[in-house]
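What follows is a single structure, written as structure tokens, with notes after it.
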Amino acid sequence: MNRWNCAAGSIALLTATTACGTDVPPEAPPNTAETVTSTTRTPRVVDDSGRPAITFDPCLDIPDDVLVEAQYDPKYKRPSENPMGSYSFLGCSFRGTLSIPNLLDDYRLNVLSGNVTLEEEWDKDGDTSTRTSVNGRDALLQLDPNNKNNCSITVRTDFGIVIFSRIHYAPDARELSTDDWCTGLHDTVALFEPFIDR
């Protein structure tokens, strides 16, 4: 799991509605006024760093049907946010829906959008990272042997990175084999990746 800090927070939405009418010559039949609705999202995190704005909100931008396909509960979304001044992270955690007797009691996925670069993430955690790609997007597979039952994939974005960090909770708190920590995570990230702005 990454070591960037995160704090619990909330999601804010701002909806603006505008209406416009069209003037027509007197000889033409009058047009019905057309209403245009636009939705503008208020950023959940802002900072004074001069870094790009975070444009992917994992609590809002991953469709519920895709969460279901990836075996996560769309009703369980826990937002988090961390404006740090020099960088920011915007997060959401999800709970898995699959249970395997004697192997898997529970699993969670924490998704963090940050306006730090993939190179900064490599500099921080390169000793436990392997370069890879997801749907053609540069990424890091991060597996820290000291962070039991946890695996992360970090992908590059226009604004910085998105970290997908999954933790397994095995029966009786036992440790899964290292080979099992990352099983299926690449497929999950590949499902979510198309919803991140390039």
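The values are calculated or read from the model by the stated rules, or taken from the named source; none is laboratory data. All of these numbers come straight from a predicted model, not from anything done at the bench. Glycine also receives a Cβ, built like all others from the backbone with ideal geometry; neighbour counts cover every protein chain displayed. Only protein heavy atoms, including side chains, enter the accessible area calculation; ligands, DNA and RNA are left aside. Shrake-Rupley method; radii C 1.70, N 1.55, O 1.52, S 1.80 Å.
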Per the rule of 0.36 nm per residue minus the C-alpha distance, extending residue 71 to residue 183 adds in nm 38.9 nm
Note to self: with every protein chain in place and a 1.4 Å probe, the stretch 44-198 gives an accessible area per residue in Å² of 46
Under 5 Å from the placed amide H of residue 132, counting only residues 5+ away or on other chains, we find 139, 140, 141
Simple spin-label estimate for residue 175/residue 143, 7 Å along Cα→Cβ, in nm, reads 1.5
Ranked output for segments 109-120, 75-86 by mean other Cβ atoms within 10 Å, highest leading, reads 109-120, 75-86
